[in-house]
1. Ranked by accessible surface with a 1.4 Å probe, highest first, in what order do 119, 77 come?
2. Based on the Cβ-Cβ distance from residue 561 to residue 395, what FRET efficiency comes out when R0 is 45 Å, to the nearest 0.05?
3. Along the principal axes of its C-alpha atoms, what lengths does region 179-263 span, in descending order and rounded to whole Å?
4. Which value, in Å², gives the accessible area per residue of region 480-639 when a 1.4 Å probe is used on the protein heavy atoms?
5. Suppose we take every Cα in region 335-422 and form the convex hull; what volume per residue is that in Å³?
6. To test your reading of the geometry: what angle, between 0 and 90 degrees and rounded to tens, separates the Cα axis of helix 634-645 from the longest principal axis of the chain?
7. Let me see the pair-distance distribution of the chain: every alpha carbon pair, 10 Å bin width, integer percents in order.
8. Counting only residues 5 or more places away or on other chains, whose amide H sits under 5 Å from the amide H of residue 211 once H atoms are built in the peptide plane?
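The values are calculated or read from the model by the stated rules, or taken from the named source; none is laboratory data. Just so you know, these numbers come straight off a predicted model, no measurement behind them. Here the Cβ positions follow ideal geometry from the backbone for every residue, glycine too, while neighbour counts run over all protein chains shown. Just the protein is used for accessible areas: all its heavy atoms, side chains included, with ligands, DNA and RNA removed. Shrake-Rupley method; radii C 1.70, N 1.55, O 1.52, S 1.80 Å.
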Amino acid sequence: MCRLALICLIVLAAPALAEEDPPRALPGAVACPAGLPAGHDWSEAERGAWDRICRGDPAEMDLADPKPADAAGPLPCNPERIAGEVPANRRLSADFLTLILTREPYVSIAARPEVYIYCADVTGSLNLRNEDVSVAFGLFESRATEEVTLYSASFARSLLFNGSTLAGGLVGDGLSVGGDLGLRNGTEVRQTLRLMGARIGGDLTISGGSDLAVGLLADRADIGGSVFLGGSRFHGDLRLIGAKVGGNIEANDGIVVTGELAMDRISVAGNVFLGTGGHYGGDIRLVDAGIGQNLQISGGADVAGTLQADRAAMGGSLGISGSGPFRGDVQLGRATIGSDLSIDGSTFEKRLIVEGAQIAGSALLGYGSRFAGQVRLLGVSVGTNLSLTNDARFESDVWADNIEIGGNLFLNLNSRFAAGLELPNARIEGMAVLGNSAFDGAVRFDNARIGQVLMLSAPNAPLPVWGSAARLSLRNAAMAALQADMGAWHRPDGSWLPTELTGLTYDRLGGERASDPAAGPNMADASITDLLDWIEKSQPDQRLHYDPQPYAQLAAVLEAQGGTRAADAVRYARTEHRRTAASTPYGESLLLFFSRIFIGYGVYPFRALWWFLALVVAGIAVARFSDAPQLARPMSRFWYSVETAFPLMDPSSSLADVNHGRRWVEQYFHFQKVAGFILATILVGSLTLLGG
């Protein structure tokens, strides 16, 4: 009977037990096998967040928001954007996060090795210094009200703060992250973001409109993947000095860096992309950087400071395309570029310095680029072609002393050189082409060596345009061929281009003919008058000093090309230049005058024969006034004049003792003997010199 009464009592009490309220949790959450530890005043928001994380779901803290008023919409996810007080259901303490990220059994009991939290307001300082975190941690569209301290912390998986606000900054010197470290999609860091010496196994991503109030300090960071910085704002320096990156660095999509972008001594296995509307308020520094593939600055990048990449090494190319203005110097001194250097459509307000750089491929500075400051290419080595072409504008000097070019030098295709173009001691294996560009200053090829041809004109291309202050110096230059239409040596007003030709050597003249009839004949087809005008009228100081080399060089080339008579004309002009030069002493000039008259400066020695003939004819005429009976007959007078004028001939016996009876006739024939002897001596001497 008692047993039956006990059973009835249990049955009647069961509904009352079932009606007790279960523990409160976030909507949809279920109780977790391990609750939060006792002895701490955990909030309902924290208990509910743990329940969801425990079962493998993200903790979406906005799901328990109060129902909005009729006129109001839902609250923003990120508490930073909530006007007024943040609801209690959004708040999580830093202690709660430390517990579930680092302490057992909470680390291992969750259904998934990840702690993803959305829309939370984290209060207190999250300090994970030296802690090991085995789960992935993501704080999305949330706010951390105080500093997040991650000194020497170790995260086995990814660490993400996408869309969140870190009001106190993030300090992660020595941090280790096995996966990605992300601050994407509008992340705000109000104080310092430090990742000095951090090790990140995956990608470092700070992109998508993220905003860093004090920039980024990540010197010596070791990043196994890529670094994505596109579309973010760094209010201060962005530092990756001495960092190591296993993938690419991509700073595109309108990135803004108000301070320095400092990547000195960085090592990047892939590419570095800077551009697409980026703005850099300070310097970009890549001194001693090592880049495995390409460095590309493009898409309208605006650089207020200098770009310093001295001694940087690139396995691929360096391209600057559609960028600028670069308001400071661009410095590439002693850089090593494994492929091409390409600059197109860009603006440089200050200097471009590429001194001592080693470029394995070609170097192109053109396609509408504008260089307001000096372009310094001193000592550069270019593996193939150097092109300063295609509407490029060089508003200051271009210095390329001692440059070495394995291919061709192109200075054509409508480029403009407003100041000097210096190429002394250049070594060019192929051609140097100057046609169809404008040169307003001095162009110097002194001591240059051109393996093929210096080309001032080419088929189907306009001639170079020489400004009023333009000069061309080819002093001691050497080349296989010199190709130019005669019009290429003139300014637009028809005056000769001042040209320095002393020491210039070339093996031949000419090549392809220009198609413009107004350009005049090619040098290979030009008359001797045109060629001599080129030497004598293009050299401004030609009449002041005796300079035989340009004549000797031209004569040797004409002789080698079969133009013996033209070569003689040049040799004659050379000695005439010597006679008329202001530096020639008067006595020497007088002797040369007689040399010109009697033997054509030795170039035309048989001119002396005409003087012999003149002496003989004059002697015949004078002999008619002689009273000697032996000279009564015309033939006697002829032979007497010949024998007297030619010193090697003994007079015949019939004409040996001639008494002219007139003193002046006697005196003339004495003069004829002396004149004949002198002419014979000069003739023999000239023939000896011509014979070597």
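1. Highest to lowest solvent-accessible surface, that is 77, 119.
2. 0.60
3. That gives 25, 20, 19 Å along the principal axes, largest extent first.
4. In whole numbers, region 480-639 has 50 Å² accessible per residue.
5. With only Cα atoms used, region 335-422 gives 70 Å³ per residue.
6. 50 degrees
7. Values per bin, smallest distances first: 3, 12, 15, 12, 10, 9, 8, 7, 6, 5, 4, 3, 2, 2, 1, 1, 0, 0, 0, 0, 0.
8. 187, 188, 189, 233
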